[in-house]
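Before any comments, here is the structure.
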Amino acid sequence: MYGNNASSDEDKGRQKNAINMQLSILDTDQRKFVAEKNMLDAEIRKLKMDSERLRIDLNEKEKRFSTVNFQFSQNEEEIKGLKRKLALL
């Protein structure tokens with residue numbers, strides 16, 4: 001009986017060591033995932049801020065384009081009118 005109990009204790013010890021090794025590996029993997037998750041979260045936040053900044057820049061450029069386009073059209077009409085007046089003289 002004593003020999004059987006010793007072998008059972010050895011098996012339990014091996015099982016505990018195997019489980020502890022698995023836990024250690026999983027814990028290391030978990031820390032890597034946490035680090036990657038935090039890095040990706042920061043990158044996503046930065047990209048969202050960049051995207052918002054670009055959206056604002058785009059809106060400003062579109063407004064400026066509209067203003068310049070309107071001024072261009074007015075100037076073009078004024079040039080045509082002056083050319084007509086010149087031709088009539």
Positive-end residue of Leu58, Asn17, Gln30, charge dipole of the chain with Cβ unit charges: Leu58
What size of dipole, in debye to the nearest 20, comes out for the chain about its Cα centre when the only charges are +1 on Lys and Arg C-beta atoms and -1 on Asp and Glu C-beta atoms? 700
Largest first and to the nearest Å, give the Cα extent of the chain along each principal axis. 128, 15, 11
Per the helix-only model, the chain has a calculated mean residue ellipticity at 222 nm (DSSP H runs of ≥4, -39500 (n - 2.57) each, divided over all residues, rounded to the nearest 500) of -37500 deg cm²/dmol
Compute the acute angle (0 to 90°) between the alpha-carbon long axis of helix 2-88 and the principal axis of greatest extent of the alpha-carbon atoms of the chain; round to the nearest 10°. 0
Length gained when the stretch Asn59-Leu23 is fully extended (0.36 nm per residue, less Cα-Cα span): 7.7 nm
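Values quoted throughout were computed directly from the atomic coordinates according to the rules given, and no laboratory measurement underlies them. Note that the structure is predicted; figures quoted are calculated from it, not measured. A quick note on method: Cβ atoms are made from the backbone with ideal geometry, for glycine too, and the neighbour counts reach across all protein chains shown.
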